[in-house]
Amino acid sequence: MLSISKIAIKKSPLSLSSYFSNTKPRYKFRSHYFDFQATSPTDPRVLDKMLPYMITKQGNAHSKTHMHGWEAEGGVEEARAHVSDLIHADPKEIIFTSGATESNNIAIKGVMNFLNPMKKHVITSQIEHKCVLESCKLLESKGFDVTYLPVQRNGIIDIGELKKAIRPDTGLVSIMGVNNEIGVLQPLKEIGNLCRSNKIKFHTDCAQMFGKLPIDVNDMKIDLMSISGHKIYGPKGVGALYVRRRPRVRLLALQSGGGQERGIRSGTLPSPIIVGLGEAARIAKSEMERDNRRIKKLADKLISQVMEKIPLVQLNGDKEKRYHGCVNLSFAFAEGESLLMNLKDFALSSGSACTSASLEPSYVLRALGVPDEYAHSSLRIGLGRFTTEKEIDFFVETLVTSVERLREMSPLYDMYLEGVDFTKINWSHD
Amino acid sequence: MSLTLSTQNTFSFVQNTTTLLKNHFSKITTKQLAQLKKTTVEEASKFTNYNFREYFKERANDLFDEFISKNETNEELVKQFYDDRLSELEVIKRQVLIGKLYPEQKFVKEN
């Protein structure tokens, strides 16, 4: 019986064993991780803090009658204090969610559903994360108006354009802090001041900024902020939403239930991963300066060495107003996907993780005005706390070799070297 | 009644810690700090994951060098620093063990 079933499994093309097989890795060696914008490895200190909550302190944080509940609640409240401390907020203003996507959904849909029908207009930007853009699209289908602000060539919002877009019925402005594809930093303080003077709620998706660059919600006049756990070396599946209490931000909850988290997000709190987020926030606060110094040094080395060794390389996004750990480079005459295949020893991305399944060029690069051929040949290199200088050296060496090899094979590059003007070519087939 | 119970693991995993026990009475000397630095770097070198290994080694060196060069005279601050590093050493020891329980592939250059 056993031998017959084994044969049946081997011969069947859709056999479960081959579908779920993860015993043999496709490539023998582990790749060096350069995709910190997609996610980050969980810091061992964070894992150490989480484990007791998965082993012994397994109570429901909402159980008020016994020690197990009190222990879990203690951990959650400590985490809330760490998260709020990092952004100079009050712990009561932090709502734990399942991640930045859920936080963005609650913020945008919740606020506009509450303000409906007095306020019907939302302003956002063209380079927001997909979850913000999709939430805005949904609001449009429900009768709201959405303005998608264009960005300048360096990826930064023009405050003048934002001023012009504000209407008497604008209820919410949603602009992200640091972009996940190009790493540019938006002028949150100016936007916050503008929104406060016009009595408009200001939401910012700070998933890529929280714990990496200093944020002060009072100084920047932020009303709502999305936080992601797995971008700051915390566990995946947890995030938070900052909801200002003075002046009060009211919103309608998306998820109905037992009224947990001030009624904004009902559901049992996942105490182990919340404790992980809190610990990640605590570590981020104490290590921010040192990490940023290291990452800036590594990024400067990477960019300067690549630009020195290969011609026709472009850094997408502003050079100064950025988070240095996100480096988006475009290589002329070297296609992005082929470049990734040549860089098997490195975990990279040629577009954000949520849009990498499609073959379209990144909408963020398109919004910057980057031509399609440069957009298709872009690489997003993410640097983080655990990146070492030796990895950067190895990466630069391999990247230079790969780009040179691809350009050697490219007939367009040969034409460029001969001095052919591509704008004057008639590409039609005879 | 305090709702926040101690989250520190009271059962310390550190063996042979007669010289490294939390020192609540006498002054912490530079020699003790140097000993703790050496032990931390040794333990951090045992991480199987290359990135964690390099990060924790470099961090231990940087933190201790910076603190020792400051020549801090305030005993409270020295004790606080010592106790914090001791707790971190315990975390490193536990996590090194966990890393060994779940081995992973090596990098191409590590072979």
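The values are calculated or read from the model by the stated rules, or taken from the named source; none is laboratory data. Since the structure is predicted, the reported quantities are computational estimates derived from the model, not experimental observations. Don't worry about glycine lacking a Cβ; one is built from the backbone with ideal geometry, like all the others, and counts go over all protein chains shown. Heavy atoms of the whole protein, side chains included, go into the accessibility calculation; ligands, DNA and RNA do not. Shrake-Rupley method; radii C 1.70, N 1.55, O 1.52, S 1.80 Å.
Data for the structure
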{"item": "Any hit, the range B:45-62, residues being more than 13 Å from every other protein chain (Cβ to nearest Cβ), surrounded by 14 or more Cβ atoms within 10 Å (Cβ to Cβ), touching a residue at least 12 places away in the same chain (Cβ under 8 Å) and part of a helix (DSSP H, G or I)", "result": "no"}
{"item": "Any hit, the range B:88-101, residues being open to solvent by 40 Å² or more (accessible area, probe 1.4 Å), away from chain A (no Cβ under 11 Å), outside any helix (DSSP H, G or I) and without any contact (Cβ under 8 Å) to a residue 60 or more places away in the chain", "result": "no"}
{"item": "Contacts under 6 angstrom Cβ, first residue in the range A:71-85 being closer than 13 Å to A:Ile95 by Cβ, partner open to solvent by less than 40 Å² (accessible area, probe 1.4 Å) and among the β-branched types (Val, Ile, Thr), 6 or more apart", "result": "A:Val76/A:Ile274; A:Ala79/A:Ile274; A:Ala79/A:Val275; A:Arg80/A:Ile94; A:Val83/A:Ile94; A:Ser84/A:Ile94"}
{"item": "Subset of the range A:178-216 (residues that are among the small types (Gly, Ala, Ser), within 18 Å of A:His88 (Cα to Cα) and touching a residue at least 40 places away in the same chain (Cβ under 8 Å))", "result": "A:Ala207, A:Gly211"}
{"item": "Any chance A:Ile157 is open to solvent by less than 30 Å² (accessible area, probe 1.4 Å) and within 26 Å of A:Met288 (Cβ to Cβ)", "result": "yes"}
{"item": "Helices (runs of 4 or more DSSP H) wholly inside the range A:315-418 containing at least 3 residues that are under 19 Å from A:Lys301 (Cβ atoms)", "result": "A:389-409"}
{"item": "Qualifying residue in the range A:117-135 (condition: surrounded by fewer than 17 Cβ atoms within 10 Å (Cβ to Cβ), more than 28 Å from A:Ser349 (Cβ to Cβ) and of a type outside the set (A, V, I, L, M))", "result": "yes"}
{"item": "Some residue of the range B:72-80 being within 10 Å of another protein chain (Cβ to nearest Cβ) and either open to solvent by less than 50 Å² (accessible area, probe 1.4 Å) or under 13 Å from the mean Cα position of the chain (by Cα) (or both)", "result": "no"}
{"item": "Per-region count, the range A:388-417, residues within 30 Å of A:Gln126 (Cβ to Cβ) and either open to solvent by 70 Å² or more (accessible area, probe 1.4 Å) or within 26 Å of the chain's Cα centre (by Cα) (or both)", "result": "2"}
{"item": "Qualifying residue in the range A:65-82 (condition: surrounded by 16 or more Cβ atoms within 10 Å (Cβ to Cβ) and more than 14 Å from every other protein chain (Cβ to nearest Cβ))", "result": "no"}
{"item": "Within the range A:372-390, considering residues that are within 14 Å of chain B (Cβ to nearest Cβ) and among the small types (Gly, Ala, Ser), the one nearest to A:Met341 (Cα to Cα)", "result": "A:Gly382"}
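Residue-wise test of (1) of a type in the set (Ser, Thr, Tyr); (2) in contact with a Leu (Cβ under 8 Å, 6 or more places away or on another chain); (3) open to solvent by 20 Å² or more (accessible area, probe 1.4 Å); (4) on the phi < 0 side of the Ramachandran plot.
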site: A:Gly177; (1), (2), (3), (4): no, yes, no, yes
site: A:Asn180; (1), (2), (3), (4): no, no, no, yes
site: A:Met220; (1), (2), (3), (4): no, yes, yes, yes
site: A:Lys231; (1), (2), (3), (4): no, no, yes, yes
